[in-house]
Each structure stands twice: as structure tokens, then as C-alpha cells.
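Take a look at the structure below.
FYI, it's all coordinate maths here, none of it is from the lab. Quick caveat: nothing in here was measured; it's all calculated off a predicted structure. Cβ atoms come from the backbone with ideal geometry, glycine included; neighbour counts cover every protein chain shown.
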Amino acid sequence: MQKTPSLKHNFIMNTILSASSFLFPLITFPYISRILLPEGNGQVTFATSLVSYFSMAAALGIPTYGIRICAQIRDNQKELSHTVCEIFIINLITTLFTYIIFFITINVIPRFRMDKTLFLVCGSTIFFNLLGMEWLYKALEQYKYITIRSIIFKCIAVILMFMLVHSKEDYIVYAGITVLASTGSNILNFINVKRLVPVFSFSYRIKRHLKPILIFFTLTVTTTIYTNLDIIMLGFISGDAEVGYYNAAVKVKFILTTLVTSLGAVLLPRISYYIENGFQKEYLCLIRKAFDFVIFFALPLCIYFIFTAKESILFLSGDAYSRSVIPMQIIMPAVFFIGLTNIIGIQLLVPLGKEKLVVYSTCAGALVNIGFNTYFIPICASAGAALGTVAAELTVLILQLWFIRSMLKEIVYVSHMIKALVLSVPAFFALLLVHMLPIYNNFLYLIISFLCFGTTYFITLLAFHKCFAK
């Protein structure tokens, strides 16, 4: 068995991966949004959102369950081999059934049949996800490999995007390149899997995995509902243009969420291993650090991008997306909520075997999202969808905090949240001063304002820390 990398190494690798996920849309989205315009952008986003439901059905909760179970037994080569084979067989069966339903759907429903080629291209992600076995690589903490191959494919995708996408009629080509960027490297995963599991020992104890996988599937279903249903409902109620406006706001939220959850992404396998082996002290230490990371990183990020929403949207998407500014300002608090629920749900409750509580919270979030979307989308369009997302994420957070109320004093310090807000005040005033300057270039404004805001916040944080350390 290969030596397990240090948690610091994993965090650095995942931070680099998150940075690449940040840079990829930052480089391509300003170009693509101006070429495809809101309608073309909305078409691809609508198709991707629909396919995500089929991908979810094919995955059947395996991405999270696979990480937990493989991390727990990673020191037992024989048991790991059995488990990997069993999970892959389950995933293969669900993928075949999902594709049957997918092909029927896009051929029967007129709205989907109109863009059949686009849906087929986006639907290839289902197959690539099967081959990728990403859960195994994460369970064994192979973050260096994941990072390198992901960056390589993203670079290839960037080159292809500028070479092949030149008009709004190229939206299908854009969709294909997006699939390549996100899941094309999964072919390498499949080829490379024998390095992690040298000997495949076929076992058919599939039944033992079904119950926990179905629980995780329910969790995935409810989460996907309130993260993608807003786009589906918006597309049907308000049309592709509104989806395009909303997607510009969601794109920024996605980038920030990826950065905020970068630490949590590497914790699940390590925490599962600590719990399985009784390392309680190490486990609690990791959870505390994860909470502090989100609190001191996500709160100032939300404040900054709420204030600079107009410049961010105009720089990333162009003047045609001015209606995306309000949805972005509304949706920004969701970044902070997601950061916290990622720790409580995926890094705390799941390793403890309490995934049912996560399911209950996400079910409540999905119901709130549906209710808000039904009422507000016809009235406010994309802004209504953003409001539904924030309400759903807040609902999930409140319920999960209630579920861990007996542990809160051990892992969360309310004073740290108050401190983060207080430390953001000087940075906010620095941002106001920059806003008063006659800077008319959006990119230049974002660079200067971010440097001033970030530097002020960091200096204040250091000064505050030294003051209280004495």
C-alpha cells in the first residue's frame, strides 16, 4: 500500500486544484458569455442541469459512500479490493439503467428533442463518471494525481475553447469542451486504477452496500434538487435568457464555494480513518480547524463580492448580463452557509454514520427551495431563483446546527464568527475608499479593490491575533 500523504500536502494539492477551478471559468467565461450571449449560455446551462439529475441517479450516492468505506479499510488490501469491485459493479448497473431512461426522455419530450445533440453531448458525463472512480482516488488521498491530471485537461479545454468556439451557433462545441474539462480525465483514472488496487478480487457481497448507498443517494437527490431545480424551473417558467442571467451569478457562487470548501474536501477520508481507529483528539482538532477556515475565509469573501457584484458580472460576462447583478448579490450568503454545512454534514455527521440527519436537513432545504421558487420565480425571475437557493441553504444550516447542538461548544466558537465580522469592518472601509476613486475599468477596479480589501483584512487579522496573544 502506498504511503498516505500528509494532510498539509493534501490541502495544498486541493487548494491548487480549487485555484485551477477558479481560473478556468475566470479565463473562459468572459469570452464564452460574450460569444454565446445569455440565450446560448442558458441552453448549455439548462442541458447541464438536466443531465445532472441523470448523473445523480447513475452515481446512486456512491461518490460519498465510496470515499468513506474505502478510507476506513484502506490498510486492508484484500478487503479494499473486494469493496472496490462491488461498488463498481453497482455503479455499472445503475449507469446502464440510467442511460436507458435518459435516451427515452430526450426522444419523447419535445423540449429536449429540440436540442437532442446538446443533451447527448452533456450526457456523456454519466459514462465518464462511471470510469473515473473518483471516490477511490479521494479515499486513498491521491490528491497530487487528481490535481495534476485535472489541470492538464483544463489547459487543453481552454486552448480548444478559444480555437473552436467563435459564434453563438458553437454552443454544442462549448458543451463538449466543458465535458472534456470536467470529466475527460476520468479515462486516465480507469487506466491508472491498477496502481491503487493491483489485484482485483471479485466478490459479490453487493447487498451489504445497498442500504448505505441508498441513504447517500437520498442525500444526493435532495441536494441536487435545491442546487439544480432552480435552473430547471427558471428555464421552463422564464426562458433561456433568464437562465443565462442566473448562471452568471451562479458561476461566481460556484467558484467561491469551491475555494471555501477546499479544506473540507480533503478531510472526509482522513476523518473517516480517525473515527474508525478511535483517534478522537485528532478528529476534533481537524473539525475545529475546518470551522475556523470557513469562518475567517468565507465571511469576508461574501462581503467583498456582494459589494463588487456589478463590476464582477460586467467583467466576467459583459454588459449583456447587467440583470445578473441583483441575483449575484442575493445568492452570495449561500457561499458561507454551504461552507458550514459542508463541514457539519459531510465532514462531521457522515463519518459518524449519521448521514440520515444530513438527509433530513437537505429534504427540508429542497422543500423550502421548491416553495420559494414556485412563488418568487414568476415574480422576480432569476432574482427569485437566487432567493430560493439562499433560503434552502439557510434552512439546511439551521437544522444541522440543531442536530449537533450537544457538540457545538467543542467544535465551534461563536466568538470567532463575531471576530471575523469585526475584522471585516476596516477592510470594508478600505473597499469604500477604492470605490470612490475614478476607476472605470472593471478589471482594474477588481484587482485594486481586492488587494486593498484583502491586505487590510489580513493585516487586521494579524494585529488582532498578536494583541490577544500577549
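A Stokes-Einstein calculation at 25 °C with viscosity 0.890 mPa s, built on the Kirkwood radius of segment 413-470 over Cα pairs, returns a diffusion coefficient of 198 µm²/s. Quick one: net charge of PHE403's neighbours, Cβ under 12 Å, K/R +1, D/E -1? With Lys, Arg at +1 and Asp, Glu at -1, the neighbours total +2. Phi angles of segment 422-438 translate, via the Karplus equation with coefficients 6.51, -1.76, 1.60 and θ = phi - 60°, into HN-Hα couplings of 5, 5, 7, 5, x, 5, 5, 5, 4, 5, 4, 5, 5, 4, 7, 6, x Hz per residue; Gly and Pro are given as x. Once the Cα-Cα distance is subtracted from the 0.36 nm per residue extended length, the LEU210 to PHE103 segment shows a gain of 36.0 nm. Stretching the chain fully between ARG113 and MET407 yields a gain of 100.7 nm (0.36 nm per residue, less the alpha carbon separation). The string of couplings for segment 388-396 from the Karplus curve (6.51, -1.76, 1.60, θ = phi - 60°) is x, 5, 5, 4, 5, 5, 5, 4, 4 Hz, one whole number per residue in order, with x for Gly and Pro.
Altogether, the Stokes-Einstein calculation at 20 °C and 1.002 mPa s, with the Kirkwood radius of segment 18-144 over Cα pairs as Rh, returns a diffusion coefficient of 128 µm²/s. A simple rule links phi to the HN-Hα coupling: the Karplus curve 6.51 cos²θ - 1.76 cosθ + 1.60 with θ = phi - 60°, which for segment 330-337 gives 5, 7, 4, x, 4, 4, 5, 4 Hz, with x for Gly and Pro. Counting only chymotrypsin sites (Phe, Trp or Tyr not before Pro) that are in a DSSP loop and have at most 16 other C-beta atoms within 10 Å, tell me the longest site-free stretch of the chain. Free of exposed loop sites, the longest segment is 1-199.
The alpha-carbon of LYS154 sits under 29 angstrom from the alpha-carbons of these lysines, leaving out residues fewer than 8 places away in its chain: LYS3, LYS8, LYS116, LYS138, LYS144, LYS168, LYS194, LYS251, LYS253, LYS310.
Averaging 1/r over every pair of different alpha carbons in segment 7-412 and inverting the result gives a Kirkwood radius of 21.7 Å.
Loop-only check: which trypsin sites (Lys or Arg not before Pro) in segment 392-455 are DSSP coil with at most 16 other Cβ within 10 angstrom?
Passing both the DSSP loop test and the Cβ count: ARG405.
Computed from the C-beta positions of PHE428 and LYS289, the FRET efficiency with R₀ = 25 Å rounds to 0.45.
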